[in-house]
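K.L.:
Got a structure for you, questions after.
The values are calculated or read from the model by the stated rules, or taken from the named source; none is laboratory data. Because the structure is a prediction, the values reported are computed rather than measured. Neighbour counts run over all protein chains shown; Cβ positions are idealised from the backbone, glycine included.
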Amino acid sequence: MAVQDYEEDRIKDREAGLSLIEVMVVVVIIGIVGTIIMINVFPLLGNANTTAASAQVSQLEQGVETYNLIIGRYPTTEEGLEALVTPPADPREAARFPDGGFINNLPPDPWGNPYQYMIPGEHGRYDIWSWGADGRPGGEGENADIGNWTPQE
């Protein structure tokens, strides 16, 4: 009876675990699924950042236009977009500055860089833009500049 019990225990031990082949098949399947997900999701992330930057440029542009309506002038290049959240030094202008500013806060672009502002602009009365993912002028795709002169996506 001891021999029979020994054989039954050996059979149970073999059936209880996974073989190396089974583990390797699972790892390969997980790798293939992960690759498919990465190929399909990562390009969308770049597009989402570009769309977010375009939307933020539009919000900043609205803030600059509201600033002009309330204060009576556009922020200077030196004042920059900070003028939308910080009252002007001139007491008469500061008296018209709304509590909380013209925007809630001055966000960085989706890549963590500050938005740029210049008046007079090269593309219009004023330019507001992000340098894109590379943080440098020019570029293509995700590295392209996104400004208030670029077509909205």
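K.L.:
Just to check your reading of the model, which residue among Ile32, Ile21, Ile39 is farther than 27 Å from Gly121 by Cα, under 27 Å from the mean Cα position of the chain (by Cα) and of a type in the set (A, V, I, L, M, F, W, C)? Reasoning before the result, please.
P.N.:
Values: Ile32 fails: under 27 Å from the mean Cα position of the chain (by Cα); Ile21 fails: under 27 Å from the mean Cα position of the chain (by Cα).
Checking each option against the conditions leaves just Ile39.
K.L.:
Which of the residues spanning the range 115-129 are outside any loop (DSSP other than H, G, I, E, B) and either within 14 Å of Glu82 (Cβ to Cβ) or hydrophobic (A, V, I, L, M, F, W, C) (or both)?
P.N.:
Narrowing the range 115-129 to residues outside any loop (DSSP other than H, G, I, E, B): 116-118, 127-129.
Hits for the range 115-129 are Gln116, Tyr117, Met118, Ile128, Trp129.
K.L.:
Would you mind finding the one in Gly132, Gly138 that is in contact (Cβ under 8 Å) with a residue 24 or more places away in the chain, over 20 Å from Gln62 (Cα atoms) and in a loop (DSSP other than H, G, I, E, B)?
P.N.:
Values: Gly138 fails: in contact (Cβ under 8 Å) with a residue 24 or more places away in the chain.
Of the residues listed, the single one that is in contact (Cβ under 8 Å) with a residue 24 or more places away in the chain, over 20 Å from Gln62 (Cα atoms) and in a loop (DSSP other than H, G, I, E, B) is Gly132.
Here's the yes/no breakdown for (1) of a type in the set (Phe, Trp, Tyr); (2) out of contact with any strand residue (DSSP E or B) (no Cβ under 7 Å at 6 or more places or on another chain):
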| position | (1), (2) |
| --- | --- |
| Gly101 | no, yes |
| Trp111 | yes, yes |
| Gln116 | no, no |
| Ile119 | no, yes |
| Gly138 | no, yes |
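K.L.:
Would you check which residues across the range 69-89 are assigned to a helix (DSSP H, G or I) and within 23 Å of Asp109 (Cβ to Cβ) and list them?
P.N.:
The first filter runs over the range 69-89 and keeps only residues assigned to a helix (DSSP H, G or I), leaving 69-71, 80-84.
Selection gives Gly80, Leu81, Glu82, Ala83, Leu84.
K.L.:
Going residue by residue through the range 53-62, is there one that turns out to be charged (D, E, K, R) and outside any loop (DSSP other than H, G, I, E, B)?
P.N.:
So the first thing to find is which residues in the range 53-62 are charged (D, E, K, R), and the list is 61.
Among the residues that remain, those that are also outside any loop (DSSP other than H, G, I, E, B) are: 61.
Checked against the condition, which is being charged (D, E, K, R) and outside any loop (DSSP other than H, G, I, E, B), the range 53-62 yields at least one hit.
K.L.:
Answer yes or no: is there a residue in the range 95-114 that is surrounded by 15 or more Cβ atoms within 10 Å (Cβ to Cβ) and outside any loop (DSSP other than H, G, I, E, B).
P.N.:
No.
K.L.:
Considering only residues that are modelled with pLDDT under 65 and not β-branched (Val, Ile, Thr), which ones fall in the range 9-42? It would help to see each step written out before you state the result.
P.N.:
Narrowing the range 9-42 to residues modelled with pLDDT under 65: 9-16.
Asp9, Arg10, Lys12, Asp13, Arg14, Glu15, Ala16, listed by residue number.
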